Amino acid sequence: MVAAFNPRRESPEAADGAFNHREQSAAGGHSRDEPADEGGRRPRDLVDRPDMFGLWGKPMRAAAGVDPADAAFIAANAQHWVANAIREEIAMELSNLASVLPTLDPTSPEMTFDRIAQVRRGEIPMTLADLLVWSRRFPAVRDIVTATLGDRPHPNSRMSAPSDGGMGPVITTKRGRTAGA
């Protein structure tokens with residue numbers, strides 16, 4: 001009987017030279033499904049307030065030693081904004097992540113509760129599939145993604161720290177509760 005192929009257990013040599021760059025050797029890094037070790041660059045490691053990643057509507061500054069022009073930092077900040085928007089939108093629906101996941105369209109086998117919780121905490125990076133799914137579900141996420149990838153700044157965000165030293169504007173879905181909700 002032939003064992004099923006498991007890319008996590010395969011080495012570049014065993015896979016005839018076909019190597020998934022995300023699956024790194026034990027000496028070099030971590031997989032995208034596991035939190036980074038102390039030396040890894042998790043999105044939350046790139047911001048100055050990792051404990052607030054995805055939990056508040058303000059842009060983050062770069063962590064000490066991180067260049068604010070580093071694309072990884074800009075992506076981490078965008079992930080923070082998206083994670084916060086997802087949190088706010090789910091709360092506005094008076095729901096929770098576990099209840100929302102089965103309603104997503106399109107979906108993916110990777111859209112598990114544990115993985116999305118790690119994405120929202122900044123322990124692992126978001127993927128394009130994540131952005132597609134959440135953008136289709138929540139217009140606020142679509143607005144953030146469009147503004148981040150587009151040539152115009154998001155009206156409620158900044159791509160760099162404010163020059164006045166403050167934390168900048170609050171990013172919010174701007175949805176208020178209605179009398180019927």
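If I take the Cα coordinates of region 50-136 and project them onto the principal axes, what are the three extents in Å, biggest first?
Principal-axis extents of region 50-136 (Cα, largest first): 40, 24, 20 Å.
Excluding residue 82 itself, what net charge comes from residues whose Cβ is under 12 Å from its Cβ, given Lys and Arg +1 and Asp and Glu -1?
Charge balance near residue 82 sits at 0.
Using a 7 Å offset from Cα along Cα-Cβ at residue 95, what residues in region 122-140 end up with backbone N under 16 Å from the label point?
In region 122-140, the label zone of residue 95 (backbone N under 16 Å from the point 7 Å along Cα→Cβ) covers 133-140.
Read-outs throughout are calculated quantities, based only on the coordinates presented, and are distinct from any laboratory measurement. The model shown is predicted, which means the values in this text are computed figures rather than measured ones. Please note: Cβ atoms are built from the backbone with ideal geometry, for glycine as well, and neighbour counts cover all protein chains shown.
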